1. Hey, can you list the residues from the stretch B:379-407 whose accessible area shrinks by 50 Å² or more with all protein chains present, relative to the chain by itself (probe 1.4 Å, no ligands or nucleic acids)?
2. If we count every other residue with Cβ under 10 angstrom of A:ASP120's Cβ, Lys/Arg +1 and Asp/Glu -1, where does the sum land?
3. Rounded to the nearest 100 Å², what's the accessible area chains B and A bury against each other, both chains counted, probe 1.4 Å?
4. Considering the options A:PRO94, A:THR106, A:ALA308, tell which one lies farthest towards the positive end of the dipole of chain A, charges being +1 on Lys and Arg and -1 on Asp and Glu at the Cβ, about the Cα centre.
5. Could you tell me which residue out of B:LEU551, B:PHE173, B:TRP245 lies farthest along the dipole of the protein assembly as shown toward its positive end? Charges go on the beta carbon: Lys and Arg +1, Asp and Glu -1, centred on the Cα centre.
6. Determine, for each peptide in B:255-261, A:338-344, the mean count of other beta carbons within 10 angstrom over its residues, then list the peptides with the highest first.
7. Taking the Cα centroid of the stretch B:324-343 and of the stretch A:71-122, what is the distance between the two, rounded to the nearest whole Å?
8. Between A:GLU321 and A:VAL221, what is the label-point separation in nm under the 7 Å Cα-to-beta-carbon projection?
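The values are calculated or read from the model by the stated rules, or taken from the named source; none is laboratory data. Treat the numbers as computed from the prediction; the structure is a model and nothing was measured. All Cβ positions, glycine included, derive from the backbone under ideal geometry; neighbour counts span all protein chains shown. Please note that ligands, DNA and RNA were not included when accessible areas were found on the heavy atoms of the full protein model with its side chains. Shrake-Rupley method; radii C 1.70, N 1.55, O 1.52, S 1.80 Å.
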Amino acid sequence: MTIPETPLKSITAAALVAAGGLAVAPAMAEEYYAGKSIEMVVPFGEGGAAYVAAKFLEPFLEEHLPGNPQVNVNTRPGGGSILGANWFEQNAEPDGETILFTTSSTSNPFVLGMEAVEYDLAAMRPAFSLPFGAVIYVSPSTGIETPADLHSPNMPLIYGGIAAAASDLPVLLAFELLELDLQTVLGFDGRGPARLAFERGETNIDFQFTPAYMSQVVDMVEAGSAVPIMSGGAVGDDGTLSARDPAFPDYPSVYEVYEELNGEAPSGVEWDAFQAIGATTFNFGLTAYLPKGTPDEVMEVFEEAIAAINDDPDYQSKSEEAVGGYDLLPASTVADALGASLQPSDDVRDYLRDLLSNKYDVEL
Amino acid sequence: MFENIVSALDLLFQPVRLLALFVGMLAGMIFGMLPGLGGVAAVSILLPFIYLMDGYAGLAMLLGAISVIYTADTITSVLLGAPGSPASAPTAIEGHALAKQGKASLALGVGFLASMVGGLFGALILSVAIPVAGPLVLALGTPELFMFALVGLCFAASMVGKDLAVGLAAACFGILLGVVGAAPAAANYRFIFGQSYLMDGLSLPIVALGLFAVAELIGMVAAGGGIAGKPTPLGKWSDSFCEFWRHRWLVCRASVIGIFGGFVPAVGASASTWIAYGHALSSTKDKRNFGKGEIRGVASAEGANNATIISDLVPTMLFSVPGGPAAAIFLGALFSFGFYPGPRMVSESPDLMYMIVWSVALASVLGAAICFAVTPYIARLTRVNFALIAAPLLLIMVAGAYQGTRTFGDILALLALGILGWLMKNAGVPRAPVLVGFVLATPMEQYFWLTTQIHGFTWLTRPGVLIIASLIVIPLVLNVVRRLRQRWSAGHDEPQPQTAADGGEIASHDSSVVLVMVLLMVAVFGYALVEMLGFRPNARLMPSLGIVPGLLLSLYLLGRQLVRMRRQGAVANLASRKELPVLGGILLYGIAMWLIGFNLATPLLLAWLLIGCARMRWNSALLYGLAVYAVAQGMFAMMRSTPPQGVLLNLPMPW
């Protein structure tokens, strides 16, 4: 399997628009970070995917942010990422020197309005995102070879996950949207142990985010012990999660699979819910948030630095292996779409809360 | 393969990398020796520095630390009786008892040698097994993982001591501590009292630090004088070599058990150490010395824990699923250097694999040698007035605990558990079962629900489950057979050794503390029972396993204590009264830290400890205090965190 180096068309377009806007602005922030340092708060433990991605980005940010600040990645684990995000809400000053770098584990509790959440993600200013695509694959013993077989497996489908309201949510919503008949076993420690259970044959349908898929599952696919079925998809020109994941152009997106199975494009509250949660999980998977009230000057500094990192050949070659070869999305691309995903309609929110409390017994 | 082994040696034997390995070993040894801190603290302190080097040197540094942790913590476990981690609790119990008998050198020597053998076994397994270990790790499904945790808990029960009721109640309490936080099988947070701090449950380092280290520290500051009331002679090393040689096969078997524990992600060192200890217990004919200073207990535990922490790297490198917390940090480091663990790594970078093996082997041997060399000096420290050592020690514990989530909750949890540990110690309630119950509650509950959801009840017939279960059943059967045979040959008046559960131990302790402790347990278990009834059905099973027997046992203990106190006539015996000021001082330090922050509260603590407790002269106290303060600030700076800030007032630091 090859990973294309061409970024999403839409992103390129957006970046061009943004760059155009910047070109007119005076180069005011030449050395904004000279002599300063940035604390990058990762609300998970060392070694997790978010930590790995933060460490991967650290040297590129140091090199390309004006004034070459020292970037310190600090982990603040606890409360399924809620503790670190709450800390950030209470302590971070809007001066661009503290960044919250996190995943859907932080945004889902916010979208669902869970009790422990004290942070207001929608009021924060996203500085950039790194897509965090995902591939759903099955065991060959299920007899499933194409999406069309999903409704007629040889054996009952068993999915292993962590917790319904965390990073499993978009995949569970995809299963819901596609009306798959499967047994969900929740309570694994992480996606790694869940994948081990798949390898042992205890479960037979699984998904992994791009970095883990690249390093662990690709070999299984080559050895014939895993069959990739679909990717979560990426936000396309229409602003919805309908495009193929640029890291996996050969795999259909959930959107396409729905079309194939049902003969029409997905719609309705099930789709809206998948679209909202899926977009924050996959497309804006790892997002760097700046505190509310961060001045535009800082946003522009990041806008330029992100463009420069994307053009850095060193980044392009290293990111393929480490984080799936995606380009970083600048704030101009991210802000509006992410804001919309973080504040879904009441219908979608009610649907999510109903589904979680009735089907997955989640206390909200 | 052979050429890879040699070229890997070439990779490692470059001055910078060897130096990195030694620096890592040094950090690992220091952190191993500091009570309560262990692998996780050492590796996370080193983490920022590894990025200053090339990948091989950075990894060598981490491996150096990982390989010696369980060798060096033998020193503190034996000399202080405070284990660095749950996996060293057997060493602390047996080894410290030996030290009190004047056989410290025997316990230390056997401990070092067993650790070394465990480390070498681990290295051997890494080199031989990694290419073939995949199927073995995959053969261990969730039912096997569940069974493994269960076996660990059963063997830990052998540690509950002579007073069975007290020991079991302690284990139940450990389970209760372990179920705090999110339930694995139902979306239910348990016992979090609306605090997001408790959502992920209590962290292991903080529980170990609080229960053991803080409690020991209070007692020793209050006692004044040195760590060991009277100078403890180390004794001769030569005895320990003989003793080690006598038990060489036990050490090898314990190492194999430890390696097996390392293959099992998430259960790891705690369970396998207890299983090895249980194995030592069941394979020893004369069991009377267990709990009172049995060298076989030290040998088995040390062999197993070092083997585990190294074979934890097997699932880490094969499946990128870390076997333990230190391995998890190592995994993060591998990623950061652009190595992607998995079956492919084994074939693509064999040099890296063997460099890891060499690092581990070299560090294990050198670590043991260095431990032999430094022990006499450390033993001398045990005669220095403890208040002088307590000052830096307490600050290190605060810094170590604060690393957990960097919220004030860490400090609060540390102090609350410290008080609890102090109460338990003075009430004669063993703390090791609490720790084991705490550690194993989570994997047991998680794997139980996963197992029954995935496999229904067919899991009971899986061969792996049966093999692991036989670890419990076979020694039990052998024991019964042996006892029956003994009885048959010796007639029926055979005295029953070691099972005299008359609770003699608890009576000799401070009776009012015992009463407070027992009342506290009744209250806690009673409250937990009421709270538990409100949980969702799937979130209830594991807590009820701790709460129901815990409540019954603590009610029984309460009745027994009341009867005993009435019979003895004495209403209150406040032998531990002289420790109360120290307890109060440390509590005040916590409150002061909350109000005025670490930077202001710490000088006050230092003044109290150095001038008030250790009676140092003003100028020397000032000098020493400044040095300790600087080191504490340096630790926070090294961990790239700011010390806890006060809610009222905060002293800004010039840096």
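1. B:THR405, B:ARG406
2. So the environment of A:ASP120 carries a net charge of -1.
3. Values: alone 27040 and 14830 Å², together 38140 Å².
Result for this pair: about 3700 Å² buried.
4. Comparing the listed Cα positions along the dipole, A:THR106 ranks first.
5. Looking along the dipole axis, the top candidate is B:TRP245.
6. B:255-261, A:338-344
7. 25
8. 1.9
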